[in-house]
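The values are calculated or read from the model by the stated rules, or taken from the named source; none is laboratory data. Here the structure is a predicted model, which is why all the values come from computation and not from measurement. Cβ sites come from the backbone with ideal geometry, for glycine too, and all protein chains shown count toward neighbours.
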Amino acid sequence: MALPAGLTWEVRTTGNANNGGAYIDLIPGTSVDYSQQNASQLSITDGACLLASVTLTSVIGGFTAGMVGNVIQIRAGGANFVAGFYTIVLFNSANSVNLDRTPVAAGNGTGGLGEVGGALISPETFILNGVAGNLCYVKSGNYNFTANRIFGAANIRIFGYDTARNIVPTGNNRPLIDLLTFFITTNIGTGLTFENFRFTGSAAQLLLCKGRDYVFFNCRFINTNNAGTRRCLYFDTAVIEGLAIMDCEFIGTAGADSRGIEYAGGSGGGTGNDQSPFFTFNFFHDLTYGYYVTLGDRTPAFIKNTFARMGTTSIYIINAASNSEGILALFNSFYSAGSYHLNLQGDIHNLVYGNTFDSAAISALRDSVANRMWHIENNDFWNNGASVVNCVLDYDNIGLDPLWVNPAGDDFNFGPGSPNIDQALGIKLGV
């Protein structure tokens, strides 16, 4: 056996690295969740287990039927115990329980140290020990990483919360993952959901994503390094499917070649087959590039996002013709770019509808090839070096001051009298 798929883990700044940290309701009405407390429910120092057995015993004891479904963390200590996290699956007596698998190797275990229940103190522990199908709750607070970390399992969800699990945090109440000089890597095939977090750090990227099936919701990413190529999210893989990013904020630091999201198509020469990534209600600002793709992109959809103060380009996509399927850009707000807002090379059948393009130094839209098929309708082009390069505007676009409420203060709602009032977007939301 092994840790079960239905485990729920708990992390909080008042927890302890030695605690069990996880729970599953194996016996409804009997099992008691001891993970949602700062201290462990039981501490043993005299654990014993026969070789190949799943029965853990303690002369001092203190086990109860309510502990079934709780995780005990067995630490280094005594003889022959394998440090790790084990689920209590059967209550035998106050002095004996069965675990999901044997906790010993090479001989009989004696003098084992263990903690039943209690919250963990760092999400790093969950990243290293969670298994497929696990959920981890992280309470509001600051968490500093101590090394690069690689997720050991697929299909997991990490959920930040405020003062209680049912209270969704916003702004600075979201847990802060301070990666310092480190970064998080996901494995090929990983399905991963991150909700309600702030990430900061100075490595080449904050998260190095491999595989498919990612969801990021209500997260803030800032790469603080002021030199070199720096990303918030870096997708270094051949194929991405099921990528959805909503209500997130991406920020760079002056001096760096900063990119909110970069997709490189695979370190080994990817095929450019990311399948219809979806982005909505996100805020990309103070970056060199908001979205940067170098090897293929199949119909990314940008709906009601805001891009502001881009050093070069808001959305930059290089596509091999065989992988090109165009982009969908609906009701986005673009403000200030050193070159272009959309710079597409190889895309076809692009639909650009209902957007506001303001203050791109060279041109709001650019295609690398003249007369490629674009549908550019009901957009507002204002104060750009040019509206389009190698594109053809449809008849129903306008060129009027959008009357942002306060772009210097990051309020890109449209003020009274704006010609774009029906496209108003409140960018702050949870970010």
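Looking only at residues that are assigned to a loop (DSSP other than H, G, I, E, B) and touching a Gly at 6+ places or on another chain (Cβ under 6 Å) in the range 195-217, which one is nearest to residue 171 (Cα to Cα)?
Step one: filter the range 195-217 for residues assigned to a loop (DSSP other than H, G, I, E, B), giving 202-204, 210-213.
Right, trim to touching a Gly at 6+ places or on another chain (Cβ under 6 Å) and you get 211-213.
Working: 211: 29, 212: 28, 213: 26 Å.
So, considering only residues that are assigned to a loop (DSSP other than H, G, I, E, B) and touching a Gly at 6+ places or on another chain (Cβ under 6 Å), the one nearest to residue 171 (Cα to Cα) is 213.
Exactly one condition in (1) touching a Phe, Trp or Tyr at 6+ places or on another chain (Cβ under 8 Å); (2) on the phi > 0 side of the Ramachandran plot; (3) not hydroxyl-bearing (Ser, Thr, Tyr) is not met by residue 133; state its number.
Residue 133 satisfies every listed condition except (1).
Which residue, of 57, 64, 102, is at pLDDT 95 or above, surrounded by fewer than 22 Cβ atoms within 10 Å (Cβ to Cβ) and in contact with a Gly (Cβ under 8 Å, 6 or more places away or on another chain)?
None of the others qualify; the one that does is 57.
Among the residues of the range 378-399, is any closer than 19 Å to residue 303 by Cα, at pLDDT 90 or above and touching a Leu at 6+ places or on another chain (Cβ under 7 Å)? Can you show your working first?
First, pick out the residues of the range 378-399 that are closer than 19 Å to residue 303 by Cα: 378-381, 397.
Filter once more, so that each one left must be at pLDDT 90 or above: 378-381, 397.
Filter once more, so that each one left must be touching a Leu at 6+ places or on another chain (Cβ under 7 Å): 380.
Yes, the range 378-399 contains a residue that is closer than 19 Å to residue 303 by Cα, at pLDDT 90 or above and touching a Leu at 6+ places or on another chain (Cβ under 7 Å).
Any residue in the range 106-120 that is in contact with a Gly (Cβ under 8 Å, 6 or more places away or on another chain), farther than 19 Å from residue 21 by Cα and buried (at least 16 other Cβ atoms within 10 Å of the Cβ)?
First pass over the range 106-120, keeping only residues in contact with a Gly (Cβ under 8 Å, 6 or more places away or on another chain): 109-120.
Then keep just the ones that are farther than 19 Å from residue 21 by Cα; that gives 109-111.
With the extra rule that they be buried (at least 16 other Cβ atoms within 10 Å of the Cβ), the set shrinks to 109.
The answer is yes; a qualifying residue exists.
Can you say whether residue 315 is touching a Cys at 6+ places or on another chain (Cβ under 8 Å) and modelled with pLDDT of 90 or more, as far as the supplied structure shows? Lay out the reasoning, then the answer.
On the way: touching a Cys at 6+ places or on another chain (Cβ under 8 Å): no; modelled with pLDDT of 90 or more: yes.
Against the criterion (touching a Cys at 6+ places or on another chain (Cβ under 8 Å) and modelled with pLDDT of 90 or more), residue 315 does not qualify.
So, in the range 181-193, of the ones that are loosely packed, with under 15 Cβ neighbours inside 10 Å and in contact (Cβ under 8 Å) with a residue 24 or more places away in the chain, which residue ends up nearest to residue 123 (Cα to Cα)?
Taking the range 181-193 and keeping what is loosely packed, with under 15 Cβ neighbours inside 10 Å, we get 181, 187-189.
From what is left, the residues that are in contact (Cβ under 8 Å) with a residue 24 or more places away in the chain are 187-189.
Values: 187: 17, 188: 20, 189: 21 Å.
Out of the qualifying residues, it is 187.
Taking the condition among the charged types (D, E, K, R) and buried (at least 16 other Cβ atoms within 10 Å of the Cβ), does residue 165 pass? Don't jump to the end; show me each part of the working.
Details: among the charged types (D, E, K, R): yes; buried (at least 16 other Cβ atoms within 10 Å of the Cβ): no.
Considered against the rule, which asks whether it is among the charged types (D, E, K, R) and buried (at least 16 other Cβ atoms within 10 Å of the Cβ), residue 165 comes out as no.
Which of (1) modelled with pLDDT of 95 or more; (2) under 13 Å from the mean Cα position of the chain (by Cα) does residue 169 not meet, given it meets every other one?
(2)
Quick check on residue 298: is it of a type in the set (D, E, K, R) and modelled with pLDDT under 85?
Details: of a type in the set (D, E, K, R): yes; modelled with pLDDT under 85: yes.
For residue 298, the condition - of a type in the set (D, E, K, R) and modelled with pLDDT under 85 - is met.
Search the range 3-44 for residues being of a type outside the set (D, E, K, R) and not in a loop (DSSP other than H, G, I, E, B), and hand back the single one that is nearest to residue 60 (Cα to Cα). Quick ask: steps written out before the conclusion?
Just the residues of the range 3-44 that are of a type outside the set (D, E, K, R), to begin with: 3-9, 11, 13-24, 26-32, 34-44.
Next, from what is left, pick out any that are not in a loop (DSSP other than H, G, I, E, B): 8-9, 11, 22-23, 42-44.
On the way: 8: 28, 9: 27, 11: 28, 22: 23, 23: 23, 42: 11, 43: 10, 44: 7 Å.
Ranking the qualifying residues of the range 3-44, first place goes to 44.
Would you mind stating whether residue 82 is at pLDDT 95 or above, crowded, with 21+ Cβ neighbours inside 10 Å and either assigned by TED's automatic domain parsing to the domain that holds residue 145 or not polar (S, T, N, Q) (or both)?
Details: at pLDDT 95 or above: yes; crowded, with 21+ Cβ neighbours inside 10 Å: no; either assigned by TED's automatic domain parsing to the domain that holds residue 145 or not polar (S, T, N, Q) (or both): yes.
It is false that residue 82 is at pLDDT 95 or above, crowded, with 21+ Cβ neighbours inside 10 Å and either assigned by TED's automatic domain parsing to the domain that holds residue 145 or not polar (S, T, N, Q) (or both).
Taking the conditions exactly as written (modelled with pLDDT of 95 or more and either surrounded by 20 or more Cβ atoms within 10 Å (Cβ to Cβ) or of a type in the set (Gly, Ala, Ser) (or both)), does residue 350 satisfy them or not? Working first, answer last.
Values: modelled with pLDDT of 95 or more: no; either surrounded by 20 or more Cβ atoms within 10 Å (Cβ to Cβ) or of a type in the set (Gly, Ala, Ser) (or both): yes.
Considered against the rule, which asks whether it is modelled with pLDDT of 95 or more and either surrounded by 20 or more Cβ atoms within 10 Å (Cβ to Cβ) or of a type in the set (Gly, Ala, Ser) (or both), residue 350 comes out as no.
Kindly list, by first and then second residue, each pair from a residue in the range 55-83 that is under 24 Å from residue 126 (Cα atoms) to a residue that is among the acidic types (Asp, Glu) and surrounded by fewer than 17 Cβ atoms within 10 Å (Cβ to Cβ), limited to pairs with Cβ atoms under 6 Å and residues at least 6 apart or on different chains.
Cβ pairs passing all conditions: 69/25.
Of the residues that sit in the range 94-137 and are out of contact with any Leu (no Cβ under 9 Å at 6 or more places or on another chain) and among the hydroxyl-bearing types (Ser, Thr, Tyr), which one is farthest from residue 157 (Cα to Cα)?
110
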